[in-house]
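A.B. asks: Just dropping this structure here.
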Amino acid sequence: WQFNQVIKYLRGLFPYIIIDTAHHLTDITLAALDTCDLAVILVTQDIPALARLRQFLDLAPALELDSSNILLVVNAYTKSIGIAPEQIEQVLKQKMAAVIPQDKAAAIPAMNRGSPFMLQEEILSRPIAQSIHELKDAILQRLDQLDKSATEE
């Protein structure tokens, strides 16, 4: 209950609120999903993660989550694993909004320094940065669609 109150308060202050939740459904995660306009869900290429996400997507209607308010993203994608984004889309029956390639040389030092790699000029031309921009564009496009739908109602 308190978490919902905090979110409502923040909505009055900011146009966007980003909440990074646990990968399992807790009371906080459910509260975040209940109040969100758009859920961006990252998944990796491993079978257990895909199975958990499939279960969540099957549960989403019972949670009153509209699938059009969910963007799926493949994170740390590598061809060597052998599960292609197209296969993931078939399993999940939903298109991926973005595929972020694995780039340990960019991501790990950035995490260790606590400095986003997207702020490093030398990284911006790499595929990982380009995919982050594609994700940003997909998010903004979906938010624009949601705003237009809300205005029409």
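The values are calculated or read from the model by the stated rules, or taken from the named source; none is laboratory data. Model, not experiment: these values are computed from the prediction. Because the Cβ atoms are built from the backbone with ideal geometry, glycine has one as well, and the counts that use them run over all protein chains shown. Remember, those area values only see protein heavy atoms, side chains included, never the ligands or the DNA or RNA. Shrake-Rupley method; radii C 1.70, N 1.55, O 1.52, S 1.80 Å.
A.B. asks: Since I18 meets every condition but one in (1) loosely packed, with under 15 Cβ neighbours inside 10 Å; (2) over 14 Å from the mean Cα position of the chain (by Cα), which condition does it not meet?
C.D. replies: All conditions pass for I18, except number (2).
A.B. asks: Check whether at least one residue in segment 59-74 is touching a strand residue (DSSP E or B) at 6+ places or on another chain (Cβ under 9 Å), closer than 24 Å to A31 by Cα, surrounded by fewer than 18 Cβ atoms within 10 Å (Cβ to Cβ) and free of Cβ contacts under 8 Å to residues at least 60 places away in the same chain, and report yes or no.
C.D. replies: yes
A.B. asks: Moving to a separate point now. Please find, within segment 113-153, the residue that is most open to solvent (accessible area, probe 1.4 Å) out of those that are among the basic types (K, R) and within 22 Å of K95 (Cβ to Cβ).
C.D. replies: So the residue we want is K148.
A.B. asks: Another one. Looking at T44, is it farther than 26 Å from Q2 by Cβ and open to solvent by 40 Å² or more (accessible area, probe 1.4 Å)?
C.D. replies: Answer is yes for this residue.
A.B. asks: Being touching a helix residue (DSSP H, G or I) at 6+ places or on another chain (Cβ under 8 Å) and within 18 Å of L143 (Cβ to Cβ) is the filter here, so list the residues in segment 1-10 that pass it.
C.D. replies: The one that is touching a helix residue (DSSP H, G or I) at 6+ places or on another chain (Cβ under 8 Å) and within 18 Å of L143 (Cβ to Cβ): I7.
A.B. asks: Still on this model: Taking the criterion of being out of contact with any Ser or Thr (no Cβ under 6 Å at 6 or more places or on another chain) and of a type in the set (S, T, N, Q), would at least one residue in segment 49-66 satisfy it?
C.D. replies: yes
A.B. asks: Okay, next question. Restrict the check to segment 51-62 and report whether at least one residue is touching a His at 6+ places or on another chain (Cβ under 8 Å), more than 25 Å from Y16 (Cβ to Cβ), part of a helix (DSSP H, G or I) and not hydroxyl-bearing (S, T, Y).
C.D. replies: Within segment 51-62, one or more residues are touching a His at 6+ places or on another chain (Cβ under 8 Å), more than 25 Å from Y16 (Cβ to Cβ), part of a helix (DSSP H, G or I) and not hydroxyl-bearing (S, T, Y).
A.B. asks: Run A32 past the list (1) assigned to a helix (DSSP H, G or I); (2) open to solvent by 30 Å² or more (accessible area, probe 1.4 Å) and report the number of the one that doesn't hold.
C.D. replies: Here A32 meets the rest and fails (2).
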